[in-house]
1. In segment 359-430, which strands (runs of 3 or more DSSP E) lie fully inside it and hold 2 or more residues that are open to solvent by 50 Å² or more (accessible area, probe 1.4 Å)?
2. How many residues are in a helix (DSSP H, G or I) and either out of contact with any Phe, Trp or Tyr (no Cβ under 8 Å at 6 or more places or on another chain) or modelled with pLDDT under 90 (or both) when one looks only at segment 77-133?
3. Within segment 553-577, take every residue that is more than 45 Å from the chain's Cα centre (by Cα) and hydrophobic (A, V, I, L, M, F, W, C) and give me the one that is nearest to Met528 (Cα to Cα).
4. May I ask you to list the residues in segment 193-227 that are over 39 Å from the mean Cα position of the chain (by Cα), at negative phi and not aliphatic (A, V, I, L, M)?
5. Step by step: first the residues of segment 154-164, then only those that are open to solvent by 30 Å² or more (accessible area, probe 1.4 Å) and part of a loop (DSSP other than H, G, I, E, B), then the one that is farthest from Leu210 (Cα to Cα). Which residue is that?
6. Please enumerate the residues belonging to segment 192-208 that are open to solvent by 80 Å² or more (accessible area, probe 1.4 Å) and free of Cβ contacts under 8 Å to residues at least 12 places away in the same chain.
7. Quick check on segment 332-380: of everything there that is charged (D, E, K, R) and closer than 18 Å to Gly459 by Cα, which residue is modelled with the lowest pLDDT?
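The values are calculated or read from the model by the stated rules, or taken from the named source; none is laboratory data. Keep in mind it's a predicted model, so treat the numbers as computed, not measured. Glycine also receives a Cβ, built like all others from the backbone with ideal geometry; neighbour counts cover every protein chain displayed. Only protein heavy atoms, including side chains, enter the accessible area calculation; ligands, DNA and RNA are left aside. Shrake-Rupley method; radii C 1.70, N 1.55, O 1.52, S 1.80 Å.
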Amino acid sequence: MSEIGCHRACKNLPCGYAYHQMIFDNGVAIDYKFLEINKEFERIIGLDHSIIGKTVREVLPGIESEEFNWIEFYGKVSTGGEKVSFKQYSVVLCKWLNITAYSPEYGTFVTLVQDIHEAELISSDFITLLKETGACRWEVNSDGLYINVYGANGKFFGYSYNEVVGQKHFFDLHPEVSREEFKKNALDIFRKKESFKQFENIVETKSGELKCVLTTGSPSLHQDGSLIGYRGIDIDVTNYKMLEKERVEATKQLYHSSKLVAIGELAASVGHEINNPLAILIGTLDLLKQRYLDQSAPFISSLNVMSNSCVRIQNIVAGLRTFARQDNDEIVAIDMHDIIEQALNIVEVIYKKDNIKILSKLEAKFPIVLGNSGRALQVLINFLGNARDAIGSTNSGEIIIATLNEKDNFSLSVTDNGAGISPENLKKIFDKFYTTKPEGKGTGLGLPISLKIIHDMGGEILVESTLNVGTTFKIILPSLKTDISSLTPRPLPSESVENILVSGTALVVDDEDSLRLLLANILRKMGMNVTETSDGKKALSLLEKSRYDFLVTDLKMPEIGGAELMQIARAKNYVKKIVAITGWLPAEEEDRVKASCDALILKPFKMLDIFRIIKELDGGDKK
């Protein structure tokens with residue numbers, strides 16, 4: 001029997017049989033045509049005898065997009081003449097096939113096909129693949145009713161085989177809120193008998209958990225073209241989606257952090273610019289009060305009102321300075337009552353305009369803990385901000401800040417009478433990127449960062465909340481049980497400005513005329529001979545010609561700044577004592593500046609501060 005007669009005799013075999021003509025373009029296989037098929041091939045492939053004379057691209061659209069290149073593979077068979085046997089999964093057909101292929105004459109080939117889909121589905125390799133990918137295999141009838149399922153660990157999204165097959169339609173596993181729309185769109189695809197790949201949708205598991213899945217499916221058809229049903233695979237991509245969401249949120253937070261750094265730098269610059277005129281105001285008011293000490297009480301009272309207002313501005317700027325400056329990792333003894341005062345200086349007036357009253361009940365006798373003052377302030381500002389958001393626009397907002405000593409611990413609580421947090425949300429408030437605030441208002445990182453800061457300080461955060469009643473955030477930290485007075489310098493004995501007299505010479509350097517004049521007048525009032533200049537370059541010229549007892553210089557100046565001026569003056573012994581004055585000093589520069597001077601004064605300052613520091617230095621003590 002000839003080879004052609006032999007392959008035609010195969011039409012009566014119990015397996016699927018097909019005879020094909022390969023189509024080439026410039027020697028490259030681009031398609032193949034069906035010449036003969038048997039009934040078993042029709043059953044396995046789901047196509048009838050009408051495909052004779054048509055190409056595989058026509059009758060199985062999408063076949064060319066499969067990872068396994070059927071056309072290229074069969075092109076080699078049709079020109080090579082060797083018989084090959086292999087097992088392969090077809091995405092278009094949604095089934096595993098066992099195939100033997102050979103070429104009876106050049107440019108043609110025969111395929112003998114066996115449907116091994118069910119056997120392969122229960123094979124260990126495929127089961128392993130399903131487990132590793134989190135995939136579930138399914139088959140539904142034309143109405144969408146499950147007729148076969150297989151999931152990892154024998155479960156199909158938490159359901160057993162018997163709970164799904166013949167019991168549930170595929171759309172029954174979609175969340176109820178959008179189920180009807182999903183059903184309508186899916187059944188439209190069924191009516192068109194279209195294949196679909198990696199369709200993203202949501203499945204609600206038996207336990208109520210929502211899973212994001214990618215679904216790939218293809219239709220099964222009768223010989224007359226009517227729909228039998230669909231077969232496909234669901235791949236759980238929930239974890240991937242969560243990671244992608246975290247990546248997006250992390251990117252947003254990176255941009256947000258960059259903006260915060262810029263705001264911090266702006267706050268530093270603004271703080272410096274505010275402190276300069278503020279120092280002039282406070283110093284001038286001090287001079288006026290000294291000059292007109294014997295004037296009427298109403299006049300002195302007015303000066304005191306102005307001074308108190310300046311102190312209020314000073315406290316706000318000082319709080320911003322602490323909050324905006326770059327943190328280091330230094331852990332020292334800090335007074336948490338001071339941290340509370342700094343926080344209130346920043347937010348109290350703003351919250352008052354929102355009809356939110358802040359009450360303080362600071363009853364802890366030992367508020368000293370080990371920590372980082374900037375980060376502790378960050379946590380408290382975050383708690384206060386959350387409390388403000390929870391209160392919203394109510395007319396009776398109230399926040400209570402309370403401290404206590406409990407055994408060997410210090411506790412600080414922030415309680416609001418806002419909306420409260422539901423029990424289900426309370427479990428998630430410390431999760432990264434979790435927020436109930438509107439888009440653009442919350443990052444979902446404030447509380448996770450606060451928790452880490454407090455853990456690093458050896459403490460913990462407790463939360464209690466009742467819906468429509470309010471919320472309490474409570475920080476518990478180990479207390480040092482140290483007297484507060486041991487952490488702060490002892491004040492100098494109170495004395496009249498008139499009694500603080502220092503003789504000698506001083507060079508005052510500041511590029512702001514009003515501030516330079518104020519400093520010069522204060523030193524002259526002490527009895528000193530003062531020379532003034534507006535920049536570091538002129539100051540160096542004066543120092544080279546004359547020796548001075550004191551150099552009093554601003555740090556931030558054009559050309560030669562105060563830091564460089566101090567280093568040169570110290571290296572060449574131009575002066576006996578150096579006093580640096582600044583409205584802002586980054587944490588990383590503080591040690592270097594202090595090493596170059598004998599005293600560092602932050603603006604705004606009081607006249608008495610200048611008097612006392614100069615007198616101490618004149619007596620030989622380094623501040």
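1. Details: elements: 368-371, 397-406, 409-416.
Here the list reads 397-406.
2. Counting residues in segment 77-133 that are in a helix (DSSP H, G or I) and either out of contact with any Phe, Trp or Tyr (no Cβ under 8 Å at 6 or more places or on another chain) or modelled with pLDDT under 90 (or both) gives 16.
3. It comes out as Val575.
4. Glu194, Ser195, Ser218, Pro219, Ser220, His222, Gln223, Asp224, Ser226
5. The qualifying residue farthest from Leu210 (Cα to Cα) is Ser160.
6. Lys192, the sole residue that qualifies.
7. Filtering segment 332-380 down to residues charged (D, E, K, R) leaves 335, 338, 341, 348, 352-354, 357, 361, 363, 365, 375.
Filter once more, so that each one left must be closer than 18 Å to Gly459 by Cα: 335, 375.
Values: Asp335: 93, Arg375: 84.
If we take residues in segment 332-380 being charged (D, E, K, R) and closer than 18 Å to Gly459 by Cα, then Arg375 is modelled with the lowest pLDDT.
Quick grid of which residues meet (1) crowded, with 17+ Cβ neighbours inside 10 Å; (2) at pLDDT 90 or above; (3) closer than 24 Å to Asp224 by Cα; (4) not polar (S, T, N, Q):
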residue: Arg137; (1), (2), (3), (4): yes, no, no, yes
residue: Tyr146; (1), (2), (3), (4): yes, yes, yes, yes
residue: Tyr150; (1), (2), (3), (4): yes, no, no, yes
residue: Gly166; (1), (2), (3), (4): no, no, no, yes
residue: His169; (1), (2), (3), (4): yes, yes, no, yes
residue: Asp172; (1), (2), (3), (4): no, yes, no, yes
residue: Lys183; (1), (2), (3), (4): no, yes, no, yes
residue: Phe190; (1), (2), (3), (4): yes, yes, yes, yes
